[in-house]
Amino acid sequence: MNTSLPVSAPTPDIPAPDALTLEVKGMSCASCVAHIERALKKVPGVVEASVNLALETATVRGNNLQAKTLEAAVEEAGYHASVRTAAKKPVAARGADPEQLQFLLAAAFTLPLVAPMLLQWVGVHLMLNGWLQLALATPVQFWFGRRFLLGSLKALKSGTANMDTLVALGTLAAFSLSLFQLVRGRSGMHDLYFEAATVIITLILLGKWLEARARVQTTAAIRALQALSPEHATVLRNGAEATIAIAGLQVGDVLVIRPGERVAADGVITEGRGQLDEALLTGESAPVLREPGAAVTGGAINLDGLLKVRVTATGTETTLARIVRLVETAQNSKAPIQRLADKVSGVMVPVVIAIAAVTALGWGFIGGDWAAATLNAVSVLVIACPCALGLATPAALMAGTGVAAQSGILIRDADALEQAQALTIVAFDKTGTLTEGRPRAEKFVSFSGDENSMLALAAGLQQGSSHPLAQAVLASAKERHLAPVAMQNSRTLAGRGVTAQNDGKNYWFGNRRLLQDLGWSDSELDQHQQAAGAEGYTLAWLARSSEAGNQLLGLVLFRDTVRSTARAAIAQLHQLGIRTLMLS
């Protein structure tokens, strides 16, 4: 990566916890990883140091760690580091635009140099003027390729070698040989090799751009989890409501959570009752009733009722923050195969340089053609770059854990991901895993025989509600092109349902508990429920009360929809010889 980044103001010494994460800039290959890990492990108190090339982070564990000391160790090794603090976003992901721009500009200068070679395939023989080739190659070599030159100088100062060393040696050798030939007056097709230097740099810049894109995409899962936490919270301070940033919450604060709002932090309900959508944790499509004394999780959605919640955990101690940390730790962890790749890559650079030197000397002294000797040595340097070996494994782990998290699968660490290839049994939860996690109104039982009228009444009661069952009713009414019946004085009954009025009559739509409160007996409700054949369904009842008395109008039966990919996924596992179980 770019090693010419300015050094920021030093971070003050902060007594660190058992683990610290550093954001590291300037790494280019696994040799950099090994060098930084060695430098960090020399710091007093460090027990373990693990550097992730793909995420550009270093995780350090130990006792009495000091942020400034760790940063200084990385800086002395030739790289730039800054400790990740609470104020920093915990996802080390750079945008791809700067990398894309550098690649496109370098490609624009390189294409004219490569074009004559490409035109030969169609019988067109063209040769650019040597001095024009020099003019095109110079900015690519010394401007777009400066990151490799600076990186190799830093590596040299610290007594190491890395991928930048190989690229700088190879391209400078090709560029210098071409310039020497041009000054000597030799500018034939087989005398100048400016295009070789520019193509190498341009292709590596393409790789950097793709690498940056992959980093942004594979950290999308963590950003999506972070987005579940609101930025502000309403708290009671001195008897009055105040809106504060979520970072200002303290344990013991009382949150005021209105219908439709997310819970800002983990806590316990002190007043109010309501149904919460906790799908972020459970995957369950059906909301759950929470009453005073019940624990709630930050990120859950309050669907109805006004709640007051006493905060029990904030910041990095909330359940949602721990889930984010789990995903990030998995992306930062190293599998056994990656540790092997790092060891191999760490010694490859000096070995490759030695082989290139032997190649140059062999061709030069034995063959007598030092131009060919130089080109062959350049080929060794470029082709043998160990960057792919050092980057492919962490990039694959990062992509795998990121895609899994987006699908709701949390992987504990890289070891677990690598060992997954030996699985013999997979156990599935049903809701949100084999099913969509979104309820659908599948059956309508009207006790008067008119399903459409009953559905229009139910849709009218659910107008404006964000409850998942309400959305399912409204979607079914829309599918049947039914207009919801206009209602007045609509009111949400927390944990039970809704009520409203139409034409002087009261309508009720909700669960069995609502009907029991209105006076219906269990035996009567059981009779209708059995007649509906409601096995596996969630039931909602529609009732009406007027001067003539109470009347049951019908039932709506909801069920989660099986995922379209579930059958194929199970079948594929069976083809691999893996048994499948469902726990529900």
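The values are calculated or read from the model by the stated rules, or taken from the named source; none is laboratory data. Just so you know, these numbers come straight off a predicted model, no measurement behind them. Positions of Cβ are generated from backbone atoms using ideal geometry, with glycine treated the same way; all protein chains shown enter the neighbour counts. Quick note on the areas: whole protein, heavy atoms, side chains included, nothing else; ligands and nucleic acids left out. Shrake-Rupley method; radii C 1.70, N 1.55, O 1.52, S 1.80 Å.
Here are the numbers for this structure:
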quantity	calculated
Filtered residues of the stretch 162-190 (kept if open to solvent by 10 Å² or more (accessible area, probe 1.4 Å), closer than 30 Å to H35 by Cα and of a type in the set (V, I, T))	T165
Among the residues listed as G170, G207, G159, G188, the single one being at positive phi and not basic (K, R)	G159
Condition check for A9: crowded, with 20+ Cβ neighbours inside 10 Å, at negative phi and at pLDDT below 85	no
Test: residue in the stretch 539-547 that is modelled with pLDDT under 90, among the charged types (D, E, K, R) and on the phi < 0 side of the Ramachandran plot	yes
Per-region count, the stretch 40-72, residues assigned to a helix (DSSP H, G or I) and either closer than 24 Å to G400 by Cβ or open to solvent by 20 Å² or more (accessible area, probe 1.4 Å) (or both)	4
Identity of the residue in the stretch 484-511, β-branched (V, I, T) and open to solvent by less than 30 Å² (accessible area, probe 1.4 Å), that ends up farthest from L307 (Cα to Cα)	T499
Scan of the stretch 121-147 for residues that are more than 34 Å from the chain's Cα centre (by Cα), open to solvent by less than 70 Å² (accessible area, probe 1.4 Å) and in contact (Cβ under 8 Å) with a residue 24 or more places away in the chain, ordered by number	G130, Q133, L134, L136, A137, P139, Q141
Residue within the stretch 63-77 that is closer than 24 Å to V344 by Cβ, modelled with pLDDT under 90 and of a type in the set (A, V, I, L, M, F, W, C) present	yes
Any chance V33 is modelled with pLDDT of 90 or more and open to solvent by less than 30 Å² (accessible area, probe 1.4 Å)	no
Conditions (1) within 30 Å of F148 (Cβ to Cβ); (2) at pLDDT 90 or above; (3) surrounded by fewer than 19 Cβ atoms within 10 Å (Cβ to Cβ): number failed by T198	(3)
Condition broken by L150, with the remaining ones in (1) within 19 Å of A354 (Cβ to Cβ); (2) open to solvent by 30 Å² or more (accessible area, probe 1.4 Å) satisfied	(1)
Segments classed as strands (runs of 3 or more DSSP E), wholly inside the stretch 512-584, with at least 3 members that are open to solvent by 60 Å² or more (accessible area, probe 1.4 Å) and touching a residue at least 24 places away in the same chain (Cβ under 8 Å)	549-562, 579-583
D342 vs. criteria closer than 25 Å to E23 by Cα and either in a helix (DSSP H, G or I) or at pLDDT below 85 (or both)	yes
